[in-house]
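Presented below is the structure to which this report refers.
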Amino acid sequence: MTEAPHPSGAPGGRGAQIRVFSPNAGLVDGVPVTAPPYGDIQDVILSILQQRAQQLGGPAPAAVTDDRFGSTIHLLVHPDGSTEQLA
């Protein structure tokens, strides 16, 4: 019996794995992303997750590790761009 893919589209059903290094650099599932000049990496990452949610037709889960603050939060990003923090 094969396991159905998780709605996030991520391997193992864990959602997107995000790592933020600085105000303008991070990784989304291991792929480097950068913010434009005077932009913020958070905006870039949320945009990517919103696009995923739109493609999936439902919320896109993500674990965001921010090295600047030494913390990890778990989010759901909805197709309309709204977010909610998970416990």
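The values are calculated or read from the model by the stated rules, or taken from the named source; none is laboratory data. These numbers come from a predicted model, not from an experiment. All Cβ positions, glycine included, derive from the backbone under ideal geometry; neighbour counts span all protein chains shown. Heads up: the accessible areas ignore ligands, DNA and RNA and are worked out on the full protein's heavy atoms, side chains in. Shrake-Rupley method; radii C 1.70, N 1.55, O 1.52, S 1.80 Å.
For the structure I just gave you, tell me whether GLN85 is surrounded by fewer than 14 Cβ atoms within 10 Å (Cβ to Cβ), in a strand (DSSP E or B) and either at pLDDT below 95 or not β-branched (Val, Ile, Thr) (or both). Criteria met by GLN85.
Looking across segment 42-62, the residues that are closer than 13 Å to ASP29 by Cβ and either touching a residue at least 40 places away in the same chain (Cβ under 8 Å) or assigned to a loop (DSSP other than H, G, I, E, B) (or both) come down to ARG52, ALA60, PRO61, ALA62. Screening SER8 with (1) of a type in the set (S, T, N, Q); (2) open to solvent by less than 60 Å² (accessible area, probe 1.4 Å); (3) at pLDDT 95 or above gives one miss only, at (3). Taken over segment 57-66, the criterion of being open to solvent by less than 50 Å² (accessible area, probe 1.4 Å) and not hydrophobic (A, V, I, L, M, F, W, C) is satisfied by GLY58, PRO61, THR65, ASP66.
Among the residues in segment 39-56, are any closer than 17 Å to GLY15 by Cα, in contact with a helix residue (DSSP H, G or I) (Cβ under 8 Å, 6 or more places away or on another chain) and open to solvent by 40 Å² or more (accessible area, probe 1.4 Å)? No: segment 39-56 contains no residue that is closer than 17 Å to GLY15 by Cα, in contact with a helix residue (DSSP H, G or I) (Cβ under 8 Å, 6 or more places away or on another chain) and open to solvent by 40 Å² or more (accessible area, probe 1.4 Å). Contact map, segment 15-41: first residue more than 24 Å from GLY58 (Cα to Cα), second residue among the polar types (S, T, N, Q) and assigned to a strand (DSSP E or B), Cβ cut-off under 6 Å, separation 6 or more or different chains; pairs are ASN24/THR34; ALA25/THR34.
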